[in-house]
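Contents: one structure, followed by commentary.
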Amino acid sequence: MIFFPIVYRLIPKSEFRDCSICNFQMVSSKNRKLSIFLPVSGCRKGYLLFVSRHENWNFDSNHLVIRKVSFFLGFFFWIRSFFLFKCYQTLCYDENRIIAYGSRIGKKFFACSNNHMIIRGVPFDGEKIHRFPRLLHGWDSPSSEKIASVKIQSRIAIVIHIYYADLWAEIANLLSGLNFSFDLHITLVTEIASIKSEILKRFPNAHIYEMENYGRDIRPFLKLLEGGKLDSYDYVCKIHGKKSKRKGHVWWDGDLWRRWLFFDLLGAPGIALEIIKTFEKYPKIGMIGSRSYRYPNKYCNQKSSLGNNREFVCAIANKMGVSFEDTKIDFFAGTMFWVRPQALDPIKNLALTQYFKSTVDIGLDGSLEHAIERCFSISVKKSNFYLADVDCFLEESDDKSSRISSTIA
């Protein structure tokens, strides 16, 4: 009896090798359906899929070329697969398995990608990732769901910084799912000022500000804050087109990070209104951000959370009248959050935009931008407000009221 599986090569099509994620579907003769997501690397030849012979399977994919491997070569690959001892070297879907095929660099990328998702709590071969496709695909089309418009008394501003022009479509589609009135403030770097017409086509009343290309998303936000553009609002949501490519991390980590924060703050069904109601119910909450990116946490310890930013953080905190202690570092990584504008008065009054220099190579750590990222929460606490956090991905409870932390501390 032949007991080893049928083996297929999965080869990313050339036009998709620069994408972050590819996917394909498997449908069995018993009508079992599997939707599979895979990390893509341009330098990798592809994957090997080991399929159980207990069922016949059909495949469908726009991203992959799927080729059956010969009997003897398949047997060889199957034997070699037993020497992969670490869980993140293999993706398992019941009795079907996937491993990386090709160069050592490609295999390492595959393993690092899988390990990253396991650590984050959403493994590629787990159930949660399939419940939240936005995490991998983003908002690739406008919201088609018809949601009744809700009138709110609060004045809301959504502030967005855009450096990558190609991310505007995703952001616009994200905003299309909101069912309440808000003012849109968008800062653009000069190099992509040509997308103004696209923005105004989707949001005719948007306030657009052209900025010189330095200070990342921090300086543009401070410019609006210090200029009084946000003073008249009750609550402000700050997001930006993040594509961070960090040394030692999978190259699509920035996409994952951005979409995770987008979903927690604006994209999850009803979450934006829930956040607004939380502010109204708890007047001492000054800032709400993503629980998964509230550092330090189990993914990022205290030392890593502070990084090389201690000197700048201490200096800024001292100017706000706060004696900073390392043990009290507490901030939302990625600089995306909801906030009461008055909670940022201490940092606003420092007029920090004057200290940014266009000639400085800000690097990835130890810069003024990264220090200020860690100081927004210090400003909130200095104003006698508290932080709260939201988790729309990992919360197991079906009770949506639990998505926002109820403990104010």
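We did not get these values from a lab; they are worked out from the coordinates using the rules stated. None of these values were measured; they are calculated from a predicted model. Virtual Cβ from ideal backbone geometry, glycine too; neighbours counted across all protein chains shown.
Treating the beta-carbon of each Lys and Arg as +1 and of each Asp and Glu as -1, no other charges, what is the dipole magnitude of the chain about its Cα centre, to the nearest 20 debye?
Using Cβ point charges on Lys, Arg, Asp and Glu, the chain gives about 980 debye.
Taking 0.36 nm per intervening residue step and subtracting the Cα-Cα distance, what contour gain separates residue 181 from residue 149 on full extension?
That works out to 10.7 nm of additional length.
From the helices alone, meaning DSSP H stretches of at least four residues, give me the mean residue ellipticity at 222 nm for the chain, per-run term -39500 (n - 2.57), in deg cm²/dmol to the nearest 500.
Taken over the chain, the calculation gives -8000 deg cm²/dmol.
Which of the three applies to the chain, rounded, prolate or oblate, going by the alpha-carbon gyration tensor with a ≥ b ≥ c and a/c under 1.5 meaning rounded?
prolate
Cut-off is 10 Å between beta-carbons; in what order do 208, 158 appear when sorted fewest neighbours first?
Exposure proxy ranking, most exposed first: 208, 158.
Quickly work out the residue 301-to-residue 54 label distance, labels modelled 7 Å from Cα along the C-beta direction, and quote it in nm with one decimal.
In this crude label model, residue 54 to residue 301 measures out at 4.3 nm.
Counting other C-beta atoms within 10 Å, which of 264, 140, 125 has the fewest, and how do the rest follow?
Ranking 264, 140, 125 by Cβ neighbours within 10 Å, fewest first, gives 140, 125, 264.
If each of residue 231 and residue 191 carries a label point 7 Å out from its Cα toward its Cβ, how far apart are those two points in nm?
3.4 nm
Where is the GNM fluctuation largest for the chain (alpha-carbon springs, 10 angstrom cutoff): 258, 120, 134?
Comparing 258, 120, 134 in the GNM, the peak value goes to 120.
For a label point 7 Å from the Cα of residue 32 along Cα→C-beta, name the residues of the range 84-99 whose backbone N is under 14 Å from it.
Under cut-off, by backbone N: 92-98.
Please check: in the Gaussian network model of the chain (C-alpha springs, under 10 Å), which one of 281, 319, 30 has the largest mean-square fluctuation.
Looking only at 281, 319, 30, the biggest GNM fluctuation is shown by 30.
Relative contact order, percent, of the range 144-403 when contacts are C-alpha pairs under 8 Å separated by at least 6 residues?
That works out to 21 percent.
Choose one answer from 148, 111, 371: the residue with the largest mean-square fluctuation in a GNM of the chain with alpha-carbon springs under 10 Å.
Among 148, 111, 371, the largest mean-square fluctuation in the Gaussian network model of the chain belongs to 148.
Please work out the FRET efficiency for the pair residue 342 and residue 14, using the Cβ-Cβ distance as r and a Förster radius of 51 Å; give the result to the nearest 0.05.
About 0.45, to the nearest 0.05.
Between the alpha-carbon centers of the range 150-200 and the range 62-99, tell me the distance in whole angstrom.
Answer, in whole Å: 43.
Residue 118 to residue 214: extension gain in nm, 0.36 nm per residue of separation minus the Cα-Cα distance?
Stretched fully, the residue 118-residue 214 segment lengthens by 31.1 nm.
Say R0 is 41 Å: what FRET efficiency, to the nearest 0.05, do residue 131 and residue 315 get from their beta-carbon distance?
With a Förster radius of 41 Å, E is 0.40.
I need the calculated FRET efficiency for the pair residue 351 and residue 66, taking r as the beta carbon distance and R₀ as 51 Å, to the nearest 0.05.
The pair residue 351/residue 66 has a calculated efficiency of 0.30.
Taking other Cβ within 10 Å of each residue's Cβ, how do 372, 79 sort, fewest first?
79, 372
Can you pull the one-decimal nm distance between simple spin-label points at residue 165 and residue 308, each 7 Å off the Cα toward Cβ?
Spacing of the two 7 Å Cα→Cβ label points: 3.3 nm.
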